[in-house]
Every structure is written in C-alpha cells, then in structure tokens.
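The values are calculated or read from the model by the stated rules, or taken from the named source; none is laboratory data. These numbers come from a predicted model, not from an experiment. Methodologically, a virtual Cβ is constructed for each residue, glycine included, from the backbone with ideal geometry; neighbour enumeration extends over all protein chains shown. Quick note on the areas: whole protein, heavy atoms, side chains included, nothing else; ligands and nucleic acids left out. Shrake-Rupley method; radii C 1.70, N 1.55, O 1.52, S 1.80 Å.
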Amino acid sequence: PTPVETVVVEGAAAITNRFVPVTPTRVLDTRVGVGAPVGPVAPGASLLLRIVGSAAPVPAGATAVVLNLTVTEPRGQTFVTVHPDGEPLPTASSLNIDYAGQTVANLVTARLGGGAVRIYSQTATHLVADVAGYYVPSTSSAGGRFVPTTPTRLLDTRSGPGRTGALGAGGSLDLRSE
C-alpha cells in the first residue's frame, strides 16, 4: 500500500511525518520470551521495548510506532500505558482490563524515545505486541494529517465529562453532540 503522509505537532513546531504500514511483526510476547524475558510484567513496572534495531521492520529515524498491543492473563483489574522511553508515565491508559484472566487488544500509536517505548502495567500481566507500521519524517503532508494531542477524556458515562448513564444494549453515541 502507498504510505499515508501525516503531520505531527510537538510543542509549537510542526513536523511533517509519513505513515509506513508494514506486515504485522511480533516484537513482544512475554509468554514465550520474544522481546523480553519469559514471565508476566511485574505489577507497577515498566517494560522497555526497543523498536528500532530489534526484529521490527522499523528504520532508524522513525519518530513513532503503531502497535497492536494485547494484554493477556492479567492477575486482576489493571491498565496498561505505552509511552516514549525517557519520558514520564502519562495520566492516560492505552488499555483497560476489567478482571483477572481477561484478554484485551488495542491499536496504539506512540512516539519513540531513543528508538524505544516503555509499557507500564499496574498489575502483573503478560503482554504481546505486533508492529503494524511506523512514522518517518517527510517533506510533504499532501496525503493527510495526523496531529497528536495530550490524551484527554472526552466521555465517561459513569460520572462525566459528557453524557452520564449507561448506554443501552445496541445503542450508539455521537460524541460530536455531547
């Protein structure tokens, strides 16, 4: 497929980047020792996942990575957060787990810090990650734009912001009108 060009804004400076999709490549599986030792991530710990220079098809100079991240066999309710290596843990999660033993996946885009990301888990759990693509600097943004922002909760039906109260079975919600 043709790469999609995007714009990433970091601070006040705009940097143009291009998304490059790849055939999914497994870079982490703590169940079998791919990308990390065998065994669940310890509770309250961050796992360093080197993307550039690993088995991932991500070249030096990549600015961000797109991962299909799966949490499996968690010891209890937890959240997992992916963030650039070298930066503090943000206040937003990448995945939320409701109960022990649940398996949940999510597509996550994260900036790279020194060619790596950190994956934090609140509770002991196994992690699996596949690279689905990456961003590299580009001279054009004609194909589209991607502008990351600081994660902000737009809706929490438990207590706000936005609409509160359970959404009925088969229901839908238009966030533009909330």
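Remark on Q77: its backbone amide H falls under 5 Å from those of A100, a criterion applied only to residues 5 or more positions apart or on other chains, H modelled at 1.01 Å from N.
The figure for D174 is an accessible area of roughly 70 square angstrom, using a 1.4 Å probe on the protein chains alone.
With K and R counted +1 and D and E -1, the other residues having a Cβ less than 12 Å from that of Y134 yield a net charge of +2.
Rolling a 1.4 Å probe over the protein heavy atoms leaves Y99 with an accessible area of roughly 130 Å².
Determine the gain in length on full extension of the stretch Q102-D156; use 0.36 nm per residue of separation and subtract their C-alpha separation, reporting nm with one decimal. Can you show the working numbers first?
Values: separation 54, 0.36 × 54 = 19.44 nm, distance 2.16 nm.
Here the answer is 17.3 nm.
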